[in-house]
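The values are calculated or read from the model by the stated rules, or taken from the named source; none is laboratory data. Treat the numbers as computed from the prediction; the structure is a model and nothing was measured. Neighbour counts are summed over all protein chains in view; Cβ atoms, including those assigned to glycine, are modelled from backbone coordinates with ideal geometry. What goes into the accessible areas is simple: the full protein's heavy atoms, side chains included, and nothing from ligands, DNA or RNA. Shrake-Rupley method; radii C 1.70, N 1.55, O 1.52, S 1.80 Å.
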Amino acid sequence: MRIFERLDELYAIGGGQGANRRSGSAGEQRAHDLVSGWLEEAGFEVERDSAANLIGRLRGTRPDLPELWAGSHLDSVPEGGRLDGPLGVLGGLEAVERIGPGERTLAVVAFRGEEVGCIGSRARVAEIGELPGAFVELHIEQGPRLEHAGVPLGVVTAIVGYSRQTVTITGRVGHAGTTPMDNRDDALCEAAERVLAIRNAARAIPEAVATVGVLTVAPGGVNVIPGSVSFTVDVRAPDRGRLDRLLAAIGLETGVGVEPTVMDATVVDAVKAAIASLDVTPLELPSGAGHDAGILAAAGVPSAMLFVRSLNGGVSHSPAEHSSDEDILLAVDALERTLRDLGSV
Ligand code: HGY
Ligand code: MN
Ligand code: MN
């Protein structure tokens, strides 16, 4: 089926293991070019805004009505999964095409740079272009909850807040062979202790998480005592209180990052009703991953997310990320019904 062929075509971009469409790379651009072509083939009017976000519109007969958007992102993490991002864009395209032209303008969007801080959707909400009356993002759950519950679809009630900061530790470069162990200031050993302390601090705060994903050692010689180490810290929690508690506990700046966002009740209800109309009990859950829907929601756009079950224990940001074809098709049906419902108000 077309959606699976298109998912595979996007997944193959960049070669290597997994999805390789890093933000700003030729791979992300190639994905935008492909999707733009598919939108034009389907008769959509394509806008590329000044942040290079892609907005494909199926114009309605009532331009006075607020637009209704569905979509997600096309960039990926290195060796990412097949669905993270593209499922929301291609699922939106399938759903909007099925609905076809009507009174309200429907749009399918692909935001830039979601994996590097939602740079595209942040730019969009910062006055570079008009915003929709409502936004629905279909996304793979990227966690184990739906699989554990044995349900194929879920509706997101809130998106965690997060802060990403970099820590630099300075030691003293030295000769690996001639410097006695009691006369060293090894930046990597100190960094290692800090990383474990970060892990332990996160474990002590309910539903908070912290991850060191990138660590750089300088000067980086096999026989050189590290003089400097820098590493990234990704800290998340369901509310600002817990986020700041964890940031303070690990010596990072508090009060910064992306605020936790609550999804819009009306849009959440439309997603729930659509799921229920497919004889699936809608499971409500928070999102531990950040999403463009969180940026739009924080900017006042009524938004909600429809999750499709992750299999393989919920693994994501990995080639092992997986949802069944059956669940994906069910999710597109639910997205279509959600948009029909929201479009009829
Ligand atoms: O990192 C995240 O939460 C998302 O996958 N960008
Ligand atoms: Mn994503
Ligand atoms: Mn992601």
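Odds and ends about this structure:
- If the segment from Glu130 to Met1 were pulled out straight at 0.36 nm per residue, it would be longer than the present Cα-Cα gap by 43.1 nm.
- Residue-wise HN-Hα coupling along region 113-119, computed from phi with Karplus coefficients 6.51, -1.76, 1.60 (Hz; x: Gly, Pro): x, 5, 6, 10, x, 6, 5
- At 0.692 mPa s and 37 °C, Stokes D of the chain from Kirkwood alpha-carbon radius, µm² per second: 155
- Calculated SAXS-style log₁₀ I(q)/I(0) at q = 0.13, 0.22, 0.24 Å⁻¹ - region 161-249, Debye, Cα scatterers: -0.49, -0.95, -1.06
- Using the Cβ of Thr211 as centre and a radius below 13 Å, the other residues enclosed give a net charge of +3, where K and R count +1 and D and E count -1.
- Cα-based helix-to-principal-axis angle, 187-203 vs the chain, degrees rounded to 10: 50
- Nearest-ten-degree value, helix 240-249 long axis tilted from longest Cα axis of the chain: 20
- Accessible surface of the chain, 1.4 Å probe, proportion on carbon and sulfur as whole %: 53
- Charge tally for Ala293 (other residues, Cβ to Cβ under 11 Å; Lys, Arg +1; Asp, Glu -1): -4.
- Ordering Ile250, Ala297, His317 by the projection of their Cα atoms onto the charge dipole of region 249-320, which places +1 on the Cβ of Lys and Arg and -1 on the Cβ of Asp and Glu, puts His317 at the extreme positive end.
- With R₀ set to 35 Å, the beta-carbon distance separating His148 from Ala265 gives a calculated FRET efficiency near 0.85.
- For the chain, the residue among Cys189, Val271, Ala110 whose Cα projects farthest onto the positive side of the dipole built from Cβ charges is Cys189.
- Given their separation in residues at 0.36 nm each and the Cα-Cα distance between them, Ala273 and Ser324 gain 16.1 nm when the chain is fully extended.
- Placing dummy labels 7 Å off each Cα toward the beta-carbon, the span from Val224 to Thr166 is 1.8 nm.
- Accessible area expressed per residue, the chain, with surrounding protein chains retained (probe 1.4 Å, Å²): 41
- Take every pair of alpha-carbon atoms less than 8 Å apart whose residues are at least six positions apart; their mean separation over the length of the chain yields a relative contact order of 22 percent.
- Total formal charge among the other residues, if their Cβ is under 14 angstrom from that of Pro260, Lys/Arg +1 and Asp/Glu -1: 0
- Taken along the Cα-to-beta-carbon direction at a fixed 7 Å, the label points for Glu193 and Thr254 span 2.4 nm.
- Vicinal HN-Hα couplings computed from phi for region 326-333 (Karplus, 6.51 cos²θ - 1.76 cosθ + 1.60; Hz; Gly/Pro x): 4, 5, 5, 5, 5, 5, 5, 4
- Taking label points 7 Å from Cα along the Cα-to-Cβ direction, Val116 and Gln17 give a separation of 2.3 nm.
- Choice from Arg203, Arg172, Arg124 with maximal GNM fluctuation in the chain (Cα, 10 Å cutoff): Arg172
- A simple rule links phi to the HN-Hα coupling: the Karplus curve 6.51 cos²θ - 1.76 cosθ + 1.60 with θ = phi - 60°, which for region 129-140 gives x, 5, 10, x, x, 7, 9, 10, 10, 8, 8, 5 Hz, with x for Gly and Pro.
- Rounded to the nearest 10 degrees, the angle from helix 2-11 to the longest Cα principal axis of the chain is 20 degrees.
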